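The values are calculated or read from the model by the stated rules, or taken from the named source; none is laboratory data. On a predicted model such as this, the values are computed, not experimentally measured, just so you know. Heads up, the Cβs are rebuilt from the backbone with ideal geometry, glycines too, and the neighbour counts pull from every protein chain shown. To get the accessible areas, we keep the full protein, side chains included, count just its heavy atoms, and leave off ligands, DNA and RNA. Shrake-Rupley method; radii C 1.70, N 1.55, O 1.52, S 1.80 Å.
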Amino acid sequence: MKECKLKFTLLVPTLNEIYGMKNIMPSIKKEWFEQILVVDGGSTDGTPEWALKEGYEVVAQKRGGLRHAYTEALDSVRGDAVITFSPDGNSIAELLPELMAKMSEGDYDMVIVSRYAPGAKSEDDDFLTGFGNWFFTKLINIVHGGKYTDIFVMYRAWKKEIFYSLKLHEDSSYAFEESLFFTTLGIEPLLCIRALKNKLKIAEIPGNEPKRIGGTRKLQIFQWGASYIWQIFRELFIKI
């Protein structure tokens, strides 16, 4: 793989993902990264034990929800940039070198592996999730002046420093919607919005999303949908 200017941490959140981990992780070369960090949300299927045995660093997540996996892992991240990677088969490991090269060559703050960019597709969508992805991406582009094709996808790289500068680590950035709709949100829509508001350098590369081979969907479609609509418009009045 071509040498990258940035050092990368591959951040792998898990919750009972043993099947996917055993099938996906061996195809990822450890020498590509400064660090591979597994953040486990309380698996009972042997996922963290397997990860430790294979030589990966493991952080035990204390608070439930994907965004807490990120915030609790950040103090352990040694890379300049983080790649968030799903081990359930949705993220294609072979795209990692291209993602890192794009991030380094363009000195981007964030590069998204888009399922809806020209030449890519999602094989894991159903009608409802496909419509939701289209609708919220379109809404963020209209309200905040973006050109995204995929705002929800986990598979992306971002500079570690922007997580702090955009205040994505602060509970207060999510507290209103989470308390209103009794849920825990992901970071991706807010990351996309605040990156636009702060005129960060953003790019996308196309990347298919295969069907998952392990784990289960952990979606709260209606709670998250209502929360993200509120978040999108509330961000018009918040300066970060």
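Taking the Cα centre as origin and putting +1 on Lys and Arg beta-carbons and -1 on Asp and Glu beta-carbons, what dipole magnitude results for the chain, to the nearest 20 debye? Each step should come with its number before you reach the end.
On the way: 30 positive and 32 negative charges, 113 e Å.
In debye, rounded to 20, the chain gives about 540.
Pairs of Cα atoms under 8 Å, at least six residues apart: use those to get the relative contact order of region 1-142, whole percent.
Contact order relative to length: 29 percent.
Specify which labelled value, from (1) 19.2; (2) 18.1; (3) 20.9, agrees with Kirkwood radius over Cα pairs in Å derived from the coordinates of the model shown.
Given (1) 19.2; (2) 18.1; (3) 20.9, the calculated one carries the label (2).
Chymotrypsin sites (Phe, Trp or Tyr not before Pro) within region 161-240: which are DSSP loop residues with at most 12 other Cβ atoms inside 10 Å?
Those that pass, being in a loop and sparsely packed, are PHE182.
Identify the residues of region 115-147 with backbone N under 11 Å of a label point that sits 7 angstrom from the Cα of LEU236 along the Cα-to-Cβ direction, or state none.
143-144
What number comes out for accessible area per residue over the chain if the probe is 1.4 Å? Units Å², please.
Per residue, the chain has an accessible area of 47 Å².
Roughly how large, in nm² to one decimal, is the mean projection of the convex hull of the alpha-carbon atoms in region 74-166?
7.2 nm²
Roughly to the nearest percent, how much of the accessible area of the chain is carbon and sulfur, given a 1.4 Å probe?
57 percent
Springs between alpha-carbon atoms under 10 Å, Gaussian network over the chain: tell me which of LEU180, LEU200, LEU190 tops the mean-square fluctuations.
LEU180
What does the extension gain come out to for LEU6 and ILE213, with contour length at 0.36 nm per residue minus their alpha carbon separation? If you can, show how the numbers build up before the last one.
On the way: separation 207, 0.36 × 207 = 74.52 nm, distance 3.08 nm.
Once the chain is fully extended between LEU6 and ILE213, it gains 71.4 nm.
Please state the shape class of region 8-131: rounded when a/c is under 1.5, otherwise prolate if a/b exceeds b/c and oblate if not, all from the C-alpha gyration tensor.
Taking the square roots of the gyration eigenvalues as a ≥ b ≥ c, region 8-131 is oblate.
With each label point set 7 Å from Cα along the Cα-Cβ vector, what nm distance links LYS167 and ARG78?
Result for the modelled spin labels: 3.3 nm.
Taking every DSSP beta bridge with both residues inside region 74-228, roughly what % is antiparallel (nearest 5)?
55 percent
Sorted from largest down, give the three principal axis spans of the alpha carbons of region 190-229, whole angstrom values.
Result for region 190-229: principal-axis Cα extents of 36, 28, 12 Å.
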